[in-house]
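Colleague: Structure in structure tokens, see below.
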Amino acid sequence: MKKSSIVRGVIVLIIVALGVLLVSRRYVLDSQKLEAAIKRDLRPGTSKAQVIKFIQARKPLAWDDLGEHVKARMTGLANNLIYRKDIVLDCCFDPGGKLLSCVKKEYLTFF
């Protein structure tokens with residue numbers, strides 16, 4: 001009787017751990033990975049088409065091409081799975097369509 005309750009407890013713990021792992025992989029918005037990708041892929045001089053492709057690959061909630069600016073909002077969970085995290089990217093271009101800068105702002109919202 002005690003052995004079966006221990007086995008059930010272990011199974012429940014494994015299921016909970018897998019659930020947390022799946023949620024964190026799917027829904028957590030990792031700022032450090034995004035920052036590294038921006039530094040690697042969005043250097044000054046990058047074409048607007050490449051910037052838009054970069055943004056679309058990250059499946060933003062919304063994005064808009066405003067001519068000399070491309071703005072995007074990405075949303076997900078913070079690492080602690082308690083707060084919602086929104087990241088807004090504002091990429092500025094010269095008249096020739098080359099990237100000048102890309103500014104990242106983060107917002108945390110309590111559920």
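The values are calculated or read from the model by the stated rules, or taken from the named source; none is laboratory data. None of the values given here were measured: they were computed from a predicted structure. When we count neighbours, we look across all protein chains shown, and the Cβ atoms used for this are built from the backbone with ideal geometry, even at glycine.
Colleague: Which condition number in (1) of a type outside the set (Lys, Arg); (2) surrounded by 13 or more Cβ atoms within 10 Å (Cβ to Cβ); (3) touching a residue at least 40 places away in the same chain (Cβ under 8 Å); (4) out of contact with any helix residue (DSSP H, G or I) (no Cβ under 8 Å at 6 or more places or on another chain) is the one that residue 45 fails?
Modeller: All conditions pass for residue 45, except number (2).
Colleague: If I go through the range 73-83 residue by residue, how many of them are farther than 18 Å from residue 32 by Cβ and out of contact with any Asp or Glu (no Cβ under 8 Å at 6 or more places or on another chain)?
Modeller: 1
Colleague: Then there is this: For the range 58-91, which positions are of a type in the set (Ser, Thr, Tyr) and over 11 Å from the mean Cα position of the chain (by Cα)?
Modeller: Result: 83, single match.
Colleague: One residue is enough: does the range 92-99 have a residue meeting the conditions assigned to a strand (DSSP E or B) and within 17 Å of the chain's Cα centre (by Cα)?
Modeller: no
Colleague: Restricting the search to the range 76-91, which residues are assigned to a strand (DSSP E or B) and in contact with a helix residue (DSSP H, G or I) (Cβ under 8 Å, 6 or more places away or on another chain)?
Modeller: Across the range 76-91, the qualifying residues are 76, 77, 85, 87, 89, 91.
Colleague: So for the range 3-20 (the condition being assigned to a helix (DSSP H, G or I) and touching a residue at least 12 places away in the same chain (Cβ under 8 Å)), does at least one residue qualify?
Modeller: Taking every residue of the range 3-20 in turn, at least one turns out to be assigned to a helix (DSSP H, G or I) and touching a residue at least 12 places away in the same chain (Cβ under 8 Å).
Colleague: Then there's this: Where the second residue is not in a strand (DSSP E or B) and the first is under 12 Å from residue 75 (Cα atoms) and lies in the range 87-111, which pairs have Cβ atoms under 7 Å and are six or more apart or on separate chains?
Modeller: Close Cβ pairs satisfying both conditions: 87/29; 87/31; 87/34; 89/55; 106/31; 108/78.
Colleague: Among the candidates 49, 36, 17, which residue alone is at pLDDT below 85 and either closer than 30 Å to residue 69 by Cβ or more than 18 Å from the chain's Cα centre (by Cα) (or both)?
Modeller: 17
Residues checked against (1) touching a Leu at 6+ places or on another chain (Cβ under 6 Å); (2) more than 16 Å from residue 42 (Cβ to Cβ); (3) surrounded by 11 or more Cβ atoms within 10 Å (Cβ to Cβ); (4) of a type in the set (D, E, K, R):
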| residue | (1), (2), (3), (4) |
| --- | --- |
| 52 | no, no, yes, no |
| 55 | no, no, yes, no |
| 62 | no, yes, no, no |
| 71 | no, no, yes, yes |
| 102 | yes, no, yes, no |
| 107 | no, yes, yes, no |
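Colleague: Considering only the range 28-75, state which residues are within 17 Å of residue 101 (Cα to Cα) and part of a strand (DSSP E or B).
Modeller: Hits for the range 28-75 are 47, 63, 64, 65, 69, 70, 71, 72, 73.
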